[in-house]
Amino acid sequence: MYNDGLHARQEARAAGLPYLTDAELSARLTAVKATPERAWLGDVSAVVLQQALADLNAAYRNFFASVTGRRKGPKVAPPRFRSRKDRRQAIRFTANARFSITPSGKLRLPKIGDVPVRWSRGLPSAPSSVSVIIDAAGRYFASFVVEQAPGLLPEVQSVIGIDLGLTHFAVPSDGRKVASPRFLRRAEKKLRRAQQALSRKQKGSRNRDKARVRVARAHARATDARRDFHHRLSTALIRENQAIAVEDLAVKGLARTRMARSIHDAGWSAFVDMLEYKAGLRGRTFRRIGRFEPTSQVCSACGDKDGPKPLRVREWTCPSCGTTHDRDVNAAVNIAKAAGLAVTACRAQVRPGGIPAQRRHGRLPAGDHQHPGGRRAARPGRRDDCLPALD
Ligand SMILES: [Zn+2]
């Protein structure tokens, strides 16, 4: 459907005809369904076909908005043909399709039937649509769109700055250091092994195909483990702190370049995005700071600038005030200060200045799995008790 629609519009354009409207396209493709070559389209719910067209229309709208400058951000390319060989495929059912969840917890899909589901979490409200996705590792997912009230968290006093640590995943200014959890390191190690095994297999061999599937699975597992870790950590940090500041990596990347770092850079930006939207949903303040001031060179206690320090210097004593600093924790405190959030190391106290992060009303981003209640309710004031066990 998507490709047929794209083809129809491309042909119209090539013939110098006006842009086919959504309604025209829909009518044309309904007619096509009656032809013997496309009779098999009747095997799936009509809603799935309409939704494929809706995706095409959205792709065109984004493209036009990007061309005319109404859409900010990176340029959007015109829609491209999709391939049945794509490793990830998805279909979407809306309420019109009358999908339902049976009393026994199965997902009832039109023209497919009752599908057993392993539920990762309960649905907070009746879903308005469901996407059924098969990923590159051959796993099926059902992703629901639900309405959920943002649910503001009770106000707390603490304010925190977070540094992307050199040896740790993140270093909050309260002096704690958060390493990647063991389950994630193990998944990443398995992925590396699978990739090495694949590289040794002969091209075109059946063993190479098998190895490729193993890599895809290991990849999926590592990605899931990483996302899970990011969700748990970001949820805990949002719950514990009224205001959070992080460094903008785009700026930071120029300042410090190092192999180990670039490996988890991608993870860092996904994590920071989670902090931002969760802050918006929960009524917390979130700031990104550009790094114009070298945060690791300045004493967070007295503001003295001690000059650059090589990466191997993990700890240093300020020559002016005599405070001994952990490099990363000091940087985290400076990040919070630069964002206009006054903090003291160890026990962050002092109210956040400025405006709370933009509230995004309504839905969570698609494909997101937040744990609103958390596995463990955090009690404000008991920091050591706040982070869920990650290791
Ligand atoms: Zn000092």
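No lab work stands behind these numbers, since they all come straight from the coordinates. Note that this is a predicted model, so its numbers are computed, not measured. Cβ placement follows ideal geometry from the backbone for every residue including glycine, while neighbour counts extend to all protein chains displayed.
To the nearest 0.05, how large is the calculated FRET efficiency for Q202 and R82 if R₀ is 35 Å and r is the Cβ-Cβ distance? Walk me through the numbers on the way to the answer.
Values: r = 31 Å, r/R0 = 0.88.
Efficiency, rounded to the nearest 0.05: 0.70.
How far, in nm, would the chain grow between A46 and A126 when pulled straight, counting 0.36 nm per residue and subtracting the alpha carbon separation?
Net length gain for the segment: 26.6 nm.
Report the paramagnetic label zone for K106: residues of segment 114-158 whose backbone N is under 14 Å from a point 7 Å from Cα along the Cα-to-Cβ axis.
114-118
So, with +1 on the Cβ of K and R and -1 on the Cβ of D and E, and no other charges, what is the size of the charge dipole of segment 87-147 about its Cα centre, to the nearest 20 debye?
About 180 debye.
Straight-line reach from K210: which lysines fall under 28 Å, measuring Cα to Cα and dropping same-chain residues less than 8 apart?
Partners within reach: K85, K189, K190, K201.
For segment 19-154, what is the convex hull volume of its Cα atoms per residue in Å³?
188 Å³
What's the FRET efficiency of R98 with A34 using the Cβ-Cβ distance as r and R₀ = 30 Å, to the nearest 0.05? Numbers along the way, then the final one.
Numbers: r = 23 Å, r/R0 = 0.77.
Rounded to the nearest 0.05, the efficiency is 0.80.
Determine the gain in length on full extension of the stretch Q157-V313; use 0.36 nm per residue of separation and subtract their C-alpha separation, reporting nm with one decimal.
Taking 0.36 nm per residue and subtracting the Cα distance, the gain is 52.9 nm.
Near the amide H of E247, under 5 Å away, which other amide H atoms are found, from residues 5 or more places off or on another chain, if H is placed in the peptide plane?
Answer set, sorted by chain and number: I162, L164, I289.
For C321 and D224, FRET efficiency with R0 = 35 Å and r from the beta-carbon atoms, rounded to 0.05? Before the final figure, lay out each step's value.
Details: r = 46 Å, r/R0 = 1.31.
So, using R0 = 35 Å, E works out to roughly 0.15.
Apply the Karplus parameterisation 6.51 cos²θ - 1.76 cosθ + 1.60, with θ equal to phi minus 60°, to every residue of segment 314-320 and state each ³J(HN,Hα) to the nearest whole Hz, in sequence, with x for glycine and proline.
8, 9, 8, 10, 5, x, 7
Hey, which lysines would be in cross-link range of K305, C-alpha to C-alpha under 23 Å, not counting anything within fewer than 8 residues on its own chain?
Straight-distance partners of K305: K252, K337.
For segment 154-228 and segment 104-144, what is the centre-to-centre distance using only Cα atoms, to the nearest Å?
Centre-to-centre (Cα) distance: 26 Å.
Hey, which aspartates and glutamates would be in cross-link range of K111, C-alpha to C-alpha under 17 Å, not counting anything within fewer than 8 residues on its own chain?
Straight-line reach from K111, under 17 Å: D43.
Listed highest first by mean packing, meaning other Cβ atoms within 10 Å per residue, what order do 219-227, 56-64 come in?
Averaged packing, sorted descending, gives the order 219-227, 56-64.
Run the simple label-point estimate for N3 and A65 please: 7 Å along Cα→C-beta, distance reported in nm.
If labels sit at N3 and A65, their model points lie 2.8 nm apart.
Amide H to amide H, which residues 5 or more places from F286 or on other chains are under 5 Å from it, using H placed in the peptide plane?
Correct list: I244, A357.
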